[in-house]
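K.L.:
My structure is below; once you've seen it, I'll send some questions.
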Amino acid sequence: MADIIVPELGESISEGTITKWFVKEGDTVNQGDVLLELETDKVNIEISSDSSGVVSSIAKKDGEVVLVGEAIGSIGASTGAPATPAPVATPEKPKAPEAAAPAPAAVAPAAAPTGVAVSLAASVNATPAARKLAREQGIDLTQVQGKDGIGRIYPDDIRSHGVQAPVAAAPAAAPAAPAAPAVNGKETERKRMSRRRVTIANRLVEAQRTAAMLTTFNEVDMTAILDLRKRRKQAFFDKNEVNLGFMSFFTKAVVGALKAYPLLNAEIDGEDIVVKKFYDIGIAVSAKEGLVVPVVRDADRLSFADIEKNIGELAKKARANTLALSDLQGGSFTITNGGVFGSLLSTPILNTPQVGILGMHKIQIRPVAIDDVNMENRPMMYIALSYDHRIVDGSEAVRFLVTVKELLEDPEQLLLQG
């Protein structure tokens with residue numbers, strides 16, 4: 001008998017919530033088979049079986065909170081070996097195999113009854129989220145075609161493949177709709193917050209409660225960056241196979257400003273200030289379960305192309321729910337871009353324990369005074385710096401943001417400095 005133990009989940013994570021069991025009591029499992037999915041504060045993690053056998057008990061159900069090291073079930077030695085050949089022989093029921101034959105053919109891909117089928121599915125290049133969705137929808141991964149350059153399968157590939165499933169399955173889902181609750185005769189819907197959403201809420205409140213947070217604003221004339229991207233865009237893509245976006249410019253500008261004003265690259269530990277001598281920049285990404293902040297490591301040492309590739313890969317993993325804990329830990333400063341959703345101005349909240357966060361916003365054509373006489377319409381962006389006033393003075397925060405502005409308005413300087 002072997003216990004199913006909640007493994008170590010990563011730095012500072014002591015518990016998780018069971019999102020879904022993929023097995024039930026009595027199921028036979030092999031070593032390495034996925035048993036359940038846990039939702040933690042930062043990422044979802046699949047827990048695999050350490051041994052082969054039969055699931056003899058499940059102590060914690062879907063939605064329950066479990067602690068690291070806790071036993072949440074057990075796997076016993078398989079006693080069903082003699083039963084395996086029985087359906088093949090079936091001497092006393094000659095007609096049973098005939099009647100049952102069509103049904104197994106329809107469900108065989110989902111059940112993956114043989115070791116060969118399991119090994120074939122395991123060899124498919126697919127993300128964990130895609131594997132999970134395939135199991136839920138009963139889709140054979142070996143029959144799904146990945147559409148990216150290396151043939152890797154993502155959840156969207158599973159969904160598009162699942163559209164071809166028999167229509168006969170649709171009526172089964174119809175009776176499951178429960179009656180909606182009502183308040184004063186009006187319809188409402190109540191649903192439990194995900195663990196990640198609860199954590200996001202708690203951290204945002206904690207940041208506002210513990211930090212002396214202020215925000216300073218400025219605006220950037222994006223003319224030079226837009227012109228540079230227009231001139232260099234195709235050559236950049238041909239050489240690096242990635243688009244030249246805005247985030248690489250902002251990341252480089254932030255690194256330059258952090259080098260000039262290092263207290264924005266620090267954190268508070270008790271009565272000490274810990275100034276970081278590295279530049280791991282968090283890039284806020286909107287995912288289905290809420291905002292996550294994967295980290296671009298050593299951004300000061302990366303080229304524009306490397307930064308764009310890193311951000312693209314992290315964003316794809318965030319939206320496919322395949323980020324590892326290592327992707328999220330240890331950032332020293334954060335950039336968030338509300339402009340992609342149309343935000344013109346906002347005050348970003350600190351990503352504690354960091355003491356600075358830069359907010360980007362929508363580029364908008366506005367009239368700008370060029371001199372005492374002339375005005376021009378220019379592509380302008382408001383930028384915002386929220387900072388912890390406990391260690392960052394207002395004058396330092398303002399000068400930091402002015403440095404970011406000046407570097408962005410002279411992007412060739414960024415390119416020359418690497």
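The values are calculated or read from the model by the stated rules, or taken from the named source; none is laboratory data. Note that the structure is a prediction, hence the values are computed from the model and not measured. Here Cβ is always computed from backbone atoms with ideal geometry, including for glycine, and neighbour counts include all displayed protein chains.
K.L.:
Confirm whether SER286 is over 15 Å from GLY356 (Cα atoms), at pLDDT below 95, surrounded by fewer than 14 Cβ atoms within 10 Å (Cβ to Cβ) and assigned by TED's automatic domain parsing to the domain that holds PHE400.
P.N.:
It is false that SER286 is over 15 Å from GLY356 (Cα atoms), at pLDDT below 95, surrounded by fewer than 14 Cβ atoms within 10 Å (Cβ to Cβ) and assigned by TED's automatic domain parsing to the domain that holds PHE400.
K.L.:
Being farther than 19 Å from GLY16 by Cβ and in a loop (DSSP other than H, G, I, E, B) is the filter here, so list the residues in region 52-81 that pass it.
P.N.:
Within region 52-81, SER52, ALA77, SER78, THR79, GLY80 qualify.
The rows are residues; the columns are (1) in contact (Cβ under 8 Å) with a residue 40 or more places away in the chain; (2) on the phi > 0 side of the Ramachandran plot; (3) among the aromatic types (Phe, Trp, Tyr).
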position	(1), (2), (3)
ASP221	yes, no, no
ARG232	no, no, no
PHE236	yes, no, yes
VAL242	yes, no, no
SER248	yes, no, no
LYS259	yes, no, no
GLU267	yes, no, no
ILE311	yes, no, no
THR322	yes, no, no
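K.L.:
I've got another one for you. Against the definition (part of a strand (DSSP E or B), over 30 Å from the mean Cα position of the chain (by Cα) and assigned by TED's automatic domain parsing to the domain that holds PHE304), how does ARG399 come out, yes or no? Reasoning before the result, please.
P.N.:
Working: part of a strand (DSSP E or B): no; over 30 Å from the mean Cα position of the chain (by Cα): yes; assigned by TED's automatic domain parsing to the domain that holds PHE304: yes.
Criteria not met by ARG399.
K.L.:
Is it true that GLY338 is of a type outside the set (Asp, Glu), surrounded by fewer than 22 Cβ atoms within 10 Å (Cβ to Cβ) and at positive phi?
P.N.:
no
K.L.:
Which members of region 187-200 meet the condition of being under 17 Å from GLU15 (Cα atoms) and either surrounded by 15 or more Cβ atoms within 10 Å (Cβ to Cβ) or free of Cβ contacts under 8 Å to residues at least 60 places away in the same chain (or both)?
P.N.:
Matches in region 187-200: MET193, SER194, ARG195, ARG196, VAL198, THR199, ILE200.
K.L.:
Tell me which residues, restricted to region 334-365, are touching a Lys or Arg at 6+ places or on another chain (Cβ under 9 Å) and of a type outside the set (A, V, I, L, M, F, W, C).
P.N.:
Result: GLY338, GLY339, GLY342, SER343, ASN351, THR352.
K.L.:
If you check LYS317 against the conditions, is it surrounded by 18 or more Cβ atoms within 10 Å (Cβ to Cβ), among the basic types (Lys, Arg) and in the same structural domain as PHE400 (by TED's automatic domain parsing)?
P.N.:
In short, yes.
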